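First comes the structure, then the notes that go with it.
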Amino acid sequence: MIYIERKERFSAAHQLYNPNWSEEQNDAVFGKCANKNFHGHNFTLIVTVKGEIDPDTGFVMNLVDLKKIIQKEVIAKVDHANLNHDVDFMRGKFASTEVLAEEFWKILAPSIAKHGCELHRIRLEETINNAVEYFG
Ligand code: NI
């Protein structure tokens with residue numbers, strides 16, 4: 001089994017809050033991230049795919065195909081978007097990096113499987129210090 005990865009970047013705004021809580025409770029848990037005027041991050045998304053080497057190409061998966069899938073199915077929907085309001089697959093969900101990573105997995109796994117390999121990991125870096133990894 002060989003692992004390949006592709007890195008993409010996007011910028012997006014969000015607000016972290018629980019609509020069932022009071023403003024005080026939201027501020028206590030989410031701090032500055034509960035700011036009702038939103039705030040932004042420059043995210044880095046790293047998608048890792050595993051598979052066997054294709055004897056006809058020497059590739060696990062053509063990285064150009066992987067790039068196109070990530071760009072079209074994920075980046076185009078979240079880049080310069082408000083994750084709380086603009087993104088169909090985030091509607092009604094917490095706009096956290098954890099939830100975003102899970103949703104990216106659901107979108108990307110079937111498309112990658114069509115290329116005869118398997119999605120292994122979604123790594124989503126929200127800041128240089130904070131990151132989430134999801135293995136499905
Ligand atoms: Ni934030």
Quick check on my filter: what residues within the stretch 1-37 are among the hydrophobic types (A, V, I, L, M, F, W, C) and surrounded by fewer than 12 Cβ atoms within 10 Å (Cβ to Cβ)?
Met1, Ala28
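Kindly indicate whether Glu126 is charged (D, E, K, R), within 30 Å of Ile2 (Cβ to Cβ) and within 13 Å of the ligand (Cβ to nearest atom).
yes
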Residue by residue through the stretch 54-96, note down the ones that are of a type in the set (Ser, Thr, Tyr) and over 12 Å from the mean Cα position of the chain (by Cα).
Thr57
Are there any pairs with C-beta distances below 9 angstrom linking a residue in the stretch 111-136 that is without any contact (Cβ under 8 Å) to a residue 40 or more places away in the chain and over 27 Å from Gln15 (Cβ atoms) to a residue that is surrounded by fewer than 17 Cβ atoms within 10 Å (Cβ to Cβ) and aliphatic (A, V, I, L, M), with the two at least 6 apart or on different chains, and if so which?
Gly136/Ala109
Looking only at the stretch 97-128, and only at residues there that are of a type in the set (S, T, N, Q) and buried (at least 17 other Cβ atoms within 10 Å of the Cβ), the one that is farthest from Lys36 (Cα to Cα)
Ser111
Out of the stretch 71-87, which residues are closer than 18 Å to Ala109 by Cα and out of contact with any helix residue (DSSP H, G or I) (no Cβ under 7 Å at 6 or more places or on another chain)?
Gln71, Lys72, Ile75, Ala76, Lys77, Val78
When every residue in the stretch 21-34 that is in contact (Cβ under 8 Å) with a residue 12 or more places away in the chain and near the ligand (Cβ under 9 Å from one of its atoms) is compared, the one nearest to Ala81 (Cα to Cα) is Cys33
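Give the stretch 8-20 a look and list any residue that's more than 13 Å from the ligand (Cβ to nearest atom) and either touching a Lys or Arg at 6+ places or on another chain (Cβ under 9 Å) or part of a helix (DSSP H, G or I) (or both), or say none.
Glu8 - this is the single residue of the stretch 8-20 that is more than 13 Å from the ligand (Cβ to nearest atom) and either touching a Lys or Arg at 6+ places or on another chain (Cβ under 9 Å) or part of a helix (DSSP H, G or I) (or both).
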Checked against (1) within 11 Å of the chain's Cα centre (by Cα); (2) at pLDDT below 95, Cys33 satisfies every condition except (1)
Within the stretch 35-54, take every residue that is among the polar types (S, T, N, Q) and more than 28 Å from Arg121 (Cβ to Cβ) and give me the one that is farthest from the ligand (Cβ to nearest atom).
Asn37
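The values are calculated or read from the model by the stated rules, or taken from the named source; none is laboratory data. The structure displayed is predicted, hence computed values, not measured ones. Positions of Cβ are backbone-derived with ideal geometry, glycine not excepted, and every protein chain shown enters the neighbour counts.
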